[in-house]
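Below you'll find the structure, written out as structure tokens, and then a few comments.
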Amino acid sequence: MGAMAVDTEAGREPPSLKQVEVVDVYASDPRIGTLKGDHLRFLRVIAESVGIQGPTGGVVITAAILAGIAGGGTALIQLIAAVAMGFVAYAFVIFTRGFNSAGSVYGFTGAVAGPLFGFLSAWALLLVYVNFAGGVYASTADEAQPAFASLGIHWPWPVYALIVAALVIALALADVKVSASVILVVEGVSMLLVIVASIIITIKGGHHGHALSSAPFRASGLAGPALGLGVVYAFSVFSGFEGAATLGEEAHQPRRNIPRAIWISLAVVAAYEILVSAVIQNAFPSVKALSLAPVPLVSATSTYITPWFGDVIAWGAVMSSFGAALALVVGASRMLFALARDGFGPKVLTRTSRRSGAPVGAVGAVAVVSVALLAAFLWEPLATTAVALILTYGADLIIAAYILAVVAALVLVIRTRMPIYRGVILGVGLVILGYVCKETFSPLPTGAYRWDFLLAVGTLVVGILLPLVFPGLRRGIARSPLLRVGSHALLGTRAHRGDGEPAQSAATEVPSRRSGSGLEA
């Protein structure tokens, strides 16, 4: 079911209010298509959050990067980062227990902190997902090169990247059950392969029988600045946990399944990354040797098990990255679809497929922008260069998106007089994000990465200006039916229209529409 009014403290519907699907409040506009409601069970919902994090695509190299940054303690660094991210994730858990929509942060931050704030939040996170999709096309290609080389196939990385993009877009246009199932399978299988490899490496004793050494969890030899930089990098590894929030209009029991998907995906991915990193560090003779390994998990698997199993792990990384790209396109398309219903862009962006229920207009727009972003870097001889240049922009921007979400959650806590401990948790999350900002942007990055930072700042400025420059967009979000329903659900009061007049009750404002009859393919 879609969004509905709830008692945010007790988690129950007020008895005087009936459940209201988000689709109901857009029924008066026949041009707006509809997503398939009550369509995804828990496992397919959590697949979106796990998929965006792309755990296996990252775990094969994360230990080496952290060893190079901090000089050891790879598991400890990730443990600290995971706990820190938990404080940020709490904001999304609070929101999604009360209200869910395809707009993710747009729906709940806009409902609580105002439409301009909600639009800026959604604008930032939408561009993060689109940017990450373009970058992950390239990272999947980078991992595909050695995997296919083991089969005797040697193609330039742009060829693999374009094939990945084409497959991802085709799956994103299918029924969301199909795309979610693909993400679930590729991430699940790849994680299982890595777990099996890690168990065997541990049983074989690691390097000189030190497989169970506590060294990866010790801070000895870690300088303060190096530890801070390592935590900031590891913090970015866990971003994407909030992806399930984009399935708010397609999930079964969203107020139950989406919060669970958010915190369980973060906990599972964190445990996976931490324990595998510990195994990898103990499999190498020294931290220096680990930092120099290009793909340490593949190297360790080839050494302690057999080379062909190392090739299998490389294929697992390819599958995981592919799943991440698909999850990003699915999430971005839902957010764009929700924004378009309120006047952002042409109405074709609200078009859905009669057969699959996918937001075909929004998927097409996300596909064009993400592939165009990739195309701008196809001239790079190495995929790794393209990946770094593309993803750094998104990594900078997602910090701002998380700050906006946590601030809005604090507003919710204050306005609804929730228990003080919730505000304390969110306050800690805000402090953590402030620290991440300091370590990331002070001093300012140099070279091409400074342009990524400036572009991220410019993106936020554009997000502020767009509703001010375009009156139609400003009116659309100010009178948003979605934000009115969200305000009613989260704040427990009747929202007001952008023109200052009280809005009608969400339960009676428009007639119900259970199946899409608008602009559909």
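The values are calculated or read from the model by the stated rules, or taken from the named source; none is laboratory data. Since the structure is predicted, the reported quantities are computational estimates derived from the model, not experimental observations. Virtual Cβ from ideal backbone geometry, glycine too; neighbours counted across all protein chains shown.
Condition check: modelled with pLDDT under 95, at positive phi and not hydrophobic (A, V, I, L, M, F, W, C). Does Q281 satisfy that? No, not satisfied.
Here's the yes/no breakdown for (1) closer than 30 Å to A478 by Cα; (2) out of contact with any Leu (no Cβ under 9 Å at 6 or more places or on another chain); (3) at pLDDT 95 or above:
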| position | (1), (2), (3) |
| --- | --- |
| S302 | no, yes, no |
| F322 | no, no, yes |
| A332 | yes, no, yes |
| R341 | yes, no, yes |
| A358 | yes, no, yes |
| W379 | no, yes, no |
| A383 | no, yes, no |
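Scanning region 416-436 turns up one or more residues that are charged (D, E, K, R) and within 19 Å of V112 (Cβ to Cβ).
Name the residues in region 151-170 that are closer than 19 Å to A133 by Cα and not small (G, A, S), would you?
Taking region 151-170 and keeping what is closer than 19 Å to A133 by Cα, we get 157-170.
Within region 151-170, W157, P158, V159, Y160, L162, I163, V164, L167, V168, I169 qualify.
Just to confirm my filter: which helices (runs of 4 or more DSSP H) fall fully inside region 437-521 and include at least 2 residues that are at negative phi and at pLDDT below 85?
Working: elements: 448-469, 471-478, 481-491.
Helices (runs of 4 or more DSSP H) meeting the threshold: none at all.
Any residue at all in region 154-165 that's part of a helix (DSSP H, G or I) and closer than 17 Å to G463 by Cα? Step through it out loud before you land on a result.
First, pick out the residues of region 154-165 that are part of a helix (DSSP H, G or I): 157-165.
Restricting the remaining residues to those that are closer than 17 Å to G463 by Cα gives none.
No, that holds for no residue.
Output the residue which, of all residues in region 336-349 that are free of Cβ contacts under 8 Å to residues at least 40 places away in the same chain and not in a helix (DSSP H, G or I), is farthest from V469 (Cα to Cα). So the residue we want is P346.
Among the residues of region 255-267, is any within 29 Å of L127 (Cβ to Cβ) and basic (K, R)?
Filtering region 255-267 down to residues within 29 Å of L127 (Cβ to Cβ) leaves 255, 257-267.
Still in the running and basic (K, R): 255, 260.
Checked region 255-267: at least one residue is within 29 Å of L127 (Cβ to Cβ) and basic (K, R).
With respect to the stated conditions, S239 fails to be surrounded by 17 or more Cβ atoms within 10 Å (Cβ to Cβ) and either free of Cβ contacts under 8 Å to residues at least 12 places away in the same chain or part of a helix (DSSP H, G or I) (or both). So for region 160-176 (the condition being at positive phi and either modelled with pLDDT of 95 or more or crowded, with 24+ Cβ neighbours inside 10 Å (or both)), does at least one residue qualify? No.
When residues in region 242-274 are screened for being surrounded by 24 or more Cβ atoms within 10 Å (Cβ to Cβ) and either without any contact (Cβ under 8 Å) to a residue 12 or more places away in the chain or in contact with a His (Cβ under 6 Å, 6 or more places away or on another chain) (or both), 1 of them pass. Among the conditions (1) small (G, A, S); (2) part of a loop (DSSP other than H, G, I, E, B); (3) under 18 Å from V130 (Cβ atoms), A327 misses just one, which is (2).
Take S333 and tell me if it is among the hydroxyl-bearing types (S, T, Y), in a helix (DSSP H, G or I) and touching a Pro at 6+ places or on another chain (Cβ under 8 Å). Walk me through how you get there before you give the answer.
Details: among the hydroxyl-bearing types (S, T, Y): yes; in a helix (DSSP H, G or I): yes; touching a Pro at 6+ places or on another chain (Cβ under 8 Å): yes.
Here the answer is yes, as S333 does meet what is asked.
Among the residues making up region 22-47, those that are assigned to a loop (DSSP other than H, G, I, E, B) and at pLDDT 85 or above are R31, I32, G33, T34, L35, K36, G37, D38, H39, R41.
Out of all the residues in region 257-272, is one or more under 16 Å from the mean Cα position of the chain (by Cα) and aromatic (F, W, Y)? Yes; the residues of region 257-272 include at least one that is under 16 Å from the mean Cα position of the chain (by Cα) and aromatic (F, W, Y).
Within region 275-294, is there a residue that is buried (at least 24 other Cβ atoms within 10 Å of the Cβ) and in contact with a Gly (Cβ under 6 Å, 6 or more places away or on another chain)?
Here is the first cut: in region 275-294, the residues buried (at least 24 other Cβ atoms within 10 Å of the Cβ) are 276-283, 290.
When the remaining residues are screened for being in contact with a Gly (Cβ under 6 Å, 6 or more places away or on another chain), the result is 282-283.
Yes, region 275-294 contains at least one residue that is buried (at least 24 other Cβ atoms within 10 Å of the Cβ) and in contact with a Gly (Cβ under 6 Å, 6 or more places away or on another chain).
I'm trying to understand the selection: among the residues of region 441-457, which are of a type in the set (G, A, S) and either in contact with a His (Cβ under 7 Å, 6 or more places away or on another chain) or surrounded by 11 or more Cβ atoms within 10 Å (Cβ to Cβ) (or both)?
Passing the criteria: A448, A456.
Take V411 and decide whether it is surrounded by fewer than 21 Cβ atoms within 10 Å (Cβ to Cβ) and modelled with pLDDT of 95 or more. The answer is yes for V411. Of all the criteria given as (1) farther than 30 Å from G476 by Cα; (2) assigned to a loop (DSSP other than H, G, I, E, B), the one not satisfied by E249 is (1).
For a quick check of your reading: which helices (runs of 4 or more DSSP H) sit entirely within region 49-151 and have at least 3 residues that are at pLDDT 95 or above?
On the way: elements: 55-70, 74-96, 105-113, 115-149.
Hits in region 49-151: 74-96, 105-113, 115-149.
Would you confirm whether or not region 368-388 contains a residue that is buried (at least 21 other Cβ atoms within 10 Å of the Cβ), touching a helix residue (DSSP H, G or I) at 6+ places or on another chain (Cβ under 9 Å), of a type in the set (A, V, I, L, M) and under 26 Å from S101 (Cα atoms)? There is no residue in region 368-388 that is buried (at least 21 other Cβ atoms within 10 Å of the Cβ), touching a helix residue (DSSP H, G or I) at 6+ places or on another chain (Cβ under 9 Å), of a type in the set (A, V, I, L, M) and under 26 Å from S101 (Cα atoms).
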